[in-house]
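Working notes, beginning with the structure itself.
The values are calculated or read from the model by the stated rules, or taken from the named source; none is laboratory data. This structure is a prediction, so every number in the text was calculated from the model and none was measured. Cβ sites come from the backbone with ideal geometry, for glycine too, and all protein chains shown count toward neighbours. When the accessible area is computed, the model is the full protein with side chains, heavy atoms only, and any ligands, DNA or RNA have been set aside. Shrake-Rupley method; radii C 1.70, N 1.55, O 1.52, S 1.80 Å.
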Amino acid sequence: SEFCGWCSPAPTVYKNGTVGSRCQNQTYNDWHCNGVYSTQTCQQGYTCNATSGQCILAPPGQGDTLANCEANCHKTPPLPSNLSICVIVSPTVQQCQPCTDYCTNDTQCPFSYCDNGLCHGSTCTSQDKCNELCNSDTPPLLEGIWRGVMIQSGYGEGEYDMRFQKRTEGPQVTFQRPDGQISTGTLQTDSTVSTDILIQFSTGPMKGVTLRGGYSPWEPSDVTEQQAFFFGAPNSQEAPATDQDAMVGNGATVYAMSRCSAKAPSCNFSSVFPTYADDELFEAHNARLLADAADDVEVDPSSDPCQVFSTCSQCIGAPTGLCGWCTGEVIYGNSTPGKTQCAGFDSSGKPLDWRCTGVFQKEGCADYGCDWTNPQAPTCSVCNNSNTCTLTKDQCNATCTPPPPQYKCDTSSKTCLPCNITYCTNDTQCPGSYCNIEGPGPWQCHGDAPACATLPACNASCSHNQTDLYICNPFSGQCVPTTNSTPGAQTKYVCEHNCTSIAPLGTWRGVEVNVGFVKGEWDFTFYNDSSLHWRRPDGATFMAALDGLNMTEGVDNTISITGKIESVSPAQEIYAIFRIDNQGNDKLIDMLFWGQSNSSTPSDFNSAMVNGNTMHILNACRGSAANCDFSKSAVFPNEDTQVVQVETRRLTEIELFERKLYGK
């Protein structure tokens, strides 16, 4: 035809992306032929010979340019044959058997697809490689007991445990969930070439499940080695390439785990697993756990006549004399929470199957608060506010007195002048601000005279011979007023330009590793007011005020700090050492190594392991890490109701997670 040419091997394409024709009218503009273009006679292009992997001449009017052909011409590999797969014959024996994953189309590959003659995700391999995998034993890098927590998006809370051992010692892999249920299985890995692992479970709630994943060594502490274990969804044909890929969740899991270091002779995790070597005994262990759970009877809290009392004083003062107050949550039967913290017996003395998660008491109620409606004549009364009603009757009577006059230093005259303070009990008394209600009171409007003090305190720091001086609190990173007699005192300008915080802020999750450790997940939340709130595995919470001015730093960046545990009465001293590791760890988490004592500062982390001291290995999401968020595990300050809600939410998410992961 006139004005026409032929484009091979594909149609022309216009500038706007529209596909033209192989027979193209040249009177049109804005198109191109990305191949061989013929106008008078049909030229021969090149086509790929898949058998040889070389470009050969195609018939006239067909084929591509030689350059395009060579860029995409590859020898097609032959279809796979004579492959083998390593399968479980018994709980401790694996054997190579002929591969059955060959295919010619996708319908032959349920939950997968056909990829060059083999179902995608198949573990079939050559006979030699199969023999190597089937006979390979657990590598030293994995051997031992690992304890830790899940960290991926949508993680389940609680402690997870893994044990890897040689075939001759029993099941290669033992996995324990937070509820104590145990699964065992076999391990396939070739540690000489990769950190990939494949676990096939043959007993327990994960029986029949295959996990494909890997492991990644992380930064060690002085007493433990750290490692991340990551897996794809149960029975998935593909393993995540990295732990970062597995952080998205949706069935994939990432575990931050710790193993005792050979350099820490006092570290021993053997108690986390029953001393069973036989899989049948593990099955019996799981059966007992399930039977115990089935035997638990749910109890209606309303059957307890003491549940009608909402305050401690009302509870202990009940006419029957049969009620007591729990400082934590009251749990009836297996898991039903009480409506109040008051529990006891009915008139017949019948046990009502409840337990107290805190301290059960029948005296010394700390539910008194001071009524500051008239600051010059405050009165004590029983109240029901976990933030402000925290005193015993004697404490309230001793502290519920009119506040002394307040003074502030006038910097120009260096004299103390009276402060105009507005005391408040609600926000309406603070136009443009709010009533800062915190603790037993008295309370002031937010921002109202923050630098005021009693007259003696004001006179001590306000004189003609003194410049306003400050000292850095290196824990909180805040400059606090001081006197010229304090070592390191400096002007406010100099202090604020050099004072930085080294506090481990935010929520950290992990396990206790000291001698006599309490098994389960521990949660620590550090606030920027230098307070630490932590939760034990049983749900009990504690609070300590840390003294950042009494802090020293060792040559290995281990920091010593002191404080007071104010959530117990009387307050107890706390002595701690800690070190933050914010290097490595695949840029997912920071680690906090926290040693603590109630008697004296531990000399090092090994000494924090013994003599009644405690040692924790904790993890926090690194700021830039995607799909990492520990906020649901935060320990809230001075909010009993929030703590209860956190505990309830945690149980619900564990149940939902396990139902999804294990089909429970």
Using θ = phi - 60° and the Karplus form 6.51 cos²θ - 1.76 cosθ + 1.60, what ³J(HN,Hα) does each residue of segment 588-601 get, whole Hz, x for Gly and Pro? 9, 9, 9, 10, 10, 9, 10, x, 9, 9, 9, 10, 7, 5
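Quick one: if the Förster radius is 41 Å, what FRET efficiency do E143 and V480 give, using the C-beta to C-beta distance and rounding to 0.05? Show your work: numbers first, answer last.
Numbers: r = 50 Å, r/R0 = 1.23.
It comes to 0.25.
Want the number for Y493 to T399: 0.36 nm per residue separation, take away the alpha-carbon distance, what's left? Each step should come with its number before you reach the end.
Working: separation 94, 0.36 × 94 = 33.84 nm, distance 3.73 nm.
Once the chain is fully extended between Y493 and T399, it gains 30.1 nm.
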PRE zone check, label point 7 Å out along Cα-to-Cβ of V193, amide N under 15 Å, scope segment 111-132, hits 123-132
The size of the Cβ-based charge dipole (Lys, Arg +1; Asp, Glu -1) of the chain about the Cα centre, to the nearest 20 debye, is 580 debye
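Once R0 is set to 51 Å, what does the formula 1/(1 + (r/R0)^6) return for the Cβ-Cβ distance between V518 and Q95, expressed as a FRET efficiency to the nearest 0.05? Write down the numbers at each step before the final one.
Working: r = 42 Å, r/R0 = 0.83.
My answer for the efficiency is 0.75.
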If you average the sequence gap of Cα pairs under 8 Å that are 6 or more apart and divide by the length of segment 70-168, what percent do you get for the contact order? 21 percent
Using modelled amide H (1.01 Å from N, peptide plane; none on Pro or chain starts), what sits under 5 Å from the amide H of E573, excluding residues fewer than 5 places away? I565
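What is the percent carbon and sulfur in the accessible area of segment 170-248, measuring with a 1.4 Å probe over the protein chains and ignoring ligands? Show your work: numbers first, answer last.
Working: 1140 of 2430 Å².
Its accessible area is 47 percent carbon and sulfur atoms.
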Of L83, N116, G63, which is farthest along the charge dipole of segment 1-132 in the positive direction, counting Lys and Arg as +1 and Asp and Glu as -1 at C-beta? G63
Hey, can you grab everything whose amide H is under 5 Å from the amide H of Y113? Only 5+ residues off in sequence or another chain; H modelled, so Pro and N-termini drop out. H120
For the chain the mean separation of alpha carbon contacts under 8 Å (6+ apart) over residue count, i.e. relative contact order in percent, is 8 percent
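For segment 170-234, what does the alpha-carbon gyration tensor say about shape, rounded, prolate or oblate, given a ≥ b ≥ c as the root eigenvalues, a/c under 1.5 as rounded, and a/b over b/c as prolate?
Verdict is oblate for segment 170-234.
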Distance violations [Cα-Cα > 19 Å] among K414/K492; K166/K519; K362/K393: K166/K519
Spelling out what I want: for every residue of segment 215-222, take phi, set θ = phi - 60°, compute 6.51 cos²θ - 1.76 cosθ + 1.60 (Karplus), and round to whole Hz; glycine and proline get x. 9, 9, x, 10, 5, x, 9, 5
Along the charge dipole of the chain, pointing to its positive end and built from +1/-1 on Cβ of Lys, Arg, Asp and Glu, which listed residue (V93, T186, Q478) has its Cα farthest out? Q478
So, counting K/R as plus one and D/E as minus one, what does the shell of residues with Cβ under 13 Å around C119 add up to? -4
Can you show me the helix-derived [θ] at 222 nm for the chain, built from DSSP H runs with n ≥ 4 at -39,500 (n - 2.57) apiece and divided by the number of residues, rounded to the nearest 500. -3500 deg cm²/dmol
Can you tell me, using C-alpha contacts under 8 Å and at least 6 residues apart, the relative contact order of segment 359-420 as a whole percent? 28 percent
Obtain the nm distance between the two label points defined at Y113 and K632 by a simple spin-label model: each point lies 7 Å from its Cα along the Cα-to-C-beta direction. 3.2 nm
With all protein chains present, segment 321-400 has a carbon and sulfur share of its accessible area (1.4 Å probe) in percent of 50 percent
Reachable lysines from K75, criterion Cα separation under 25 angstrom, eight or more residues apart if same chain: K129
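If you wrap a convex hull around the alpha carbons of segment 20-67, what volume per residue comes out, as a whole number of Å³? Spell out each step's value before the answer.
Numbers: hull volume 4.0 nm³, N = 48.
That works out to 82 Å³ per residue.
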Dividing the Cα convex hull volume of the chain by residue count, how many Å³ per residue is that? 274 Å³
Using a ≥ b ≥ c from the Cα gyration tensor of segment 107-163 (square roots of the eigenvalues), is it rounded, prolate or oblate, where a/c under 1.5 gives rounded and otherwise the larger of a/b and b/c decides, a/b for prolate? oblate
Quick one: which of 222-232, 537-547, 205-215, 101-111 comes out on top by average Cβ neighbours within 10 Å, and what's the full order, highest first? 222-232, 205-215, 537-547, 101-111
